[in-house]
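J.: Quick one: the structure is below, and I'll ask about it shortly.
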Amino acid sequence: MRRQLGAMGSWPVDLPTPTVVVEQELKTRGIWAFLGCFCRAVKGTPNSERIPYVFNHHTGHHSHDSPKLDIEVENDESEDRLEDVTLAVELKYLYPLLIPGCVDPEPNDPRPLQTALYPGDKPASQQQVLALLAQTIKETGENAITKAEIEEGGQKESDFWASAWIVKKAGSPEPLEKEKLLKGYTWASAEICSPKMLANDRQTRHRVQRVLKALMSKHRLVINGSCDTHCHLGRIDDQPYSLSTLKRLATILWVSEPTLRSTRDPKSPNYDNVYSWGFELVKHSRLARSLDGLEGLLTRQAVTRQAHDISDRQIVRAICGQKTVSARELAAFREIWSKTSHEELGKLLSGDTRMHRRLGFNFSAFGLEDERARTNPRTIEFRFMEGSTSIDMVLGWLTIGATIVEVSACKSDGRFEVTLGRLLQKSRESQRVTVVGQETRGERLGRDFAQLMEDLGVSHDLSRSFVEKITREN
């Protein structure tokens, strides 16, 4: 069901009048699970903000022509509490310093321009930039520390994951053609990593917004195709999500990846992951490789015969509610749900080469295949969003990631089933319907993204800038 994610936005519901469907829900899930989910949904939501949510076959009702399924299902509703979900953001930028004696090449930029204190000394200029950014973050009331300060204190970055913004040199950003034309600058890079914060804490949004507003207004931060934005989602106790939650995440990300990745500019020099690695899960994971050559559609009856391999009611109902299902997608779901450990699943959802180890949806922290994976936090990472100086887009991306985790963690959240069912329907369509025959590719992709956000419960205000970007760039 739709519920409020307090920190990043709200998705209210209206309770439908009692029907046979509601009665079925109570029998299927149990009175306390049903009421608990509903109470979490409407708590604190004003009547004026509520929108109707219609129960249908996606929330537990089987139509007369749908096969009846008798399957064993996992029941770990309480394993991943929504109030324990955390998020953290990594932002990568370029930073120009004015070489002494040179004229400002961008005099119309109102933001302050810092002069290089150590012209000709790249490492010293780099540390100057990191110190400046850390100081600005501190002025907002947050804790901040540079990587150099961490190392000087004999500590590790992990010692500060929960308590401070970490500022360090970024590996991928570099000046491209446009930046190289700005004579008088010397360039440094910066990666700004937030501490982990509770996703449903109302203060989280304000904290990120306050820091970004200070950084954007006090520094000439620059983004180009070599910059990106990463979002980490985990648990406050640093434990991994339950295996069933990770499987649900993998299931919905597998079918939603093309739509979510449409946020990337196809004309960007990093569209094909030249500067930073974040390749497609559906093309470069071990799972994808194992499905090479698998094509065709399966009938509902064929799908039903294989549904017992998937121990999740919502997924089974979503796929069995389709007239046909892609053989490749069903095989992917069955393979995901066959895994019996976090490590097996993490390896399945990662690539088998170094450049494909950390994909756009990065599950490598569970596969434990290299030192970085073994020492990183046990999070799922969304790592394919382009760099942005738009505060609204950064906050929106955090909202989207946290919402997908939320609907995956709550096994009775109707948004998961509705979203999965619609994505399956779209994926099998051989020809897309255009609006009055004049819909452009960008408009179609934007419409698909808007529909996905609506199904997930992400507000129009938060998704609008992404829809506009997709429509404009495609």
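J.: Here's a check for you: in region 375-392, which residue that is assigned to a loop (DSSP other than H, G, I, E, B) and within 14 Å of Tyr93 (Cβ to Cβ) is most open to solvent (accessible area, probe 1.4 Å)?
T.: Thr389
J.: Considering Ser341, Ser262, which residue is among the small types (Gly, Ala, Ser), open to solvent by less than 20 Å² (accessible area, probe 1.4 Å) and under 24 Å from the mean Cα position of the chain (by Cα)?
T.: Ser262
J.: Given (1) touching a helix residue (DSSP H, G or I) at 6+ places or on another chain (Cβ under 9 Å); (2) over 30 Å from Val222 (Cβ atoms); (3) open to solvent by 30 Å² or more (accessible area, probe 1.4 Å); (4) not polar (S, T, N, Q), identify the lone condition not met by Glu429.
T.: (1)
J.: Would you check if there is a residue in region 183-190 being within 25 Å of the chain's Cα centre (by Cα), crowded, with 18+ Cβ neighbours inside 10 Å, at pLDDT 95 or above and in a strand (DSSP E or B)?
T.: Yes, region 183-190 contains at least one residue that is within 25 Å of the chain's Cα centre (by Cα), crowded, with 18+ Cβ neighbours inside 10 Å, at pLDDT 95 or above and in a strand (DSSP E or B).
J.: Could you grab the pairs with beta carbons closer than 6 Å, sequence gap of 6+ or different chains, first residue in region 289-309 and within 14 Å of Phe333 (Cβ to Cβ), second one among the β-branched types (Val, Ile, Thr)?
T.: Close Cβ pairs satisfying both conditions: Leu298/Val325; Val303/Ile319; Val303/Val325; Ala307/Val316; His308/Ile71.
J.: Here is a follow-up. So is Val255 in a helix (DSSP H, G or I), in contact with a Leu (Cβ under 9 Å, 6 or more places away or on another chain) and touching a residue at least 24 places away in the same chain (Cβ under 8 Å) or not?
T.: Yes: the conditions hold for Val255.
J.: Sticking with this structure for a sec: How many residues are at pLDDT 90 or above and either surrounded by fewer than 23 Cβ atoms within 10 Å (Cβ to Cβ) or under 16 Å from Leu420 (Cα atoms) (or both) if we restrict to region 348-369?
T.: Within region 348-369, residues that are at pLDDT 90 or above and either surrounded by fewer than 23 Cβ atoms within 10 Å (Cβ to Cβ) or under 16 Å from Leu420 (Cα atoms) (or both) number 1.
J.: Continuing with the same structure: Out of all the residues in region 249-270, which are touching a strand residue (DSSP E or B) at 6+ places or on another chain (Cβ under 9 Å) and more than 19 Å from Glu429 (Cβ to Cβ)?
T.: Answer for region 249-270, where residues must be touching a strand residue (DSSP E or B) at 6+ places or on another chain (Cβ under 9 Å) and more than 19 Å from Glu429 (Cβ to Cβ): Leu249, Ala250, Leu253, Thr263, Arg264, Asp265, Ser268, Asn270.
J.: I've got another one for you. Got at least one residue in region 297-312 being among the β-branched types (Val, Ile, Thr), touching a Pro at 6+ places or on another chain (Cβ under 6 Å), crowded, with 16+ Cβ neighbours inside 10 Å and assigned to a helix (DSSP H, G or I)?
T.: The answer is yes, given that some residue of region 297-312 is among the β-branched types (Val, Ile, Thr), touching a Pro at 6+ places or on another chain (Cβ under 6 Å), crowded, with 16+ Cβ neighbours inside 10 Å and assigned to a helix (DSSP H, G or I).
J.: Mind checking which residues of region 271-285 are crowded, with 17+ Cβ neighbours inside 10 Å and modelled with pLDDT of 85 or more?
T.: Glu280, Leu281, Val282, His284, Ser285
The values are calculated or read from the model by the stated rules, or taken from the named source; none is laboratory data. Just so you know, these numbers come straight off a predicted model, no measurement behind them. Reconstructed Cβ throughout: ideal geometry from the backbone, glycine too, with neighbour counts over all protein chains shown. Each accessible area value is taken on the protein alone, full model and side chains, heavy atoms only, with ligands, DNA and RNA left out. Shrake-Rupley method; radii C 1.70, N 1.55, O 1.52, S 1.80 Å.
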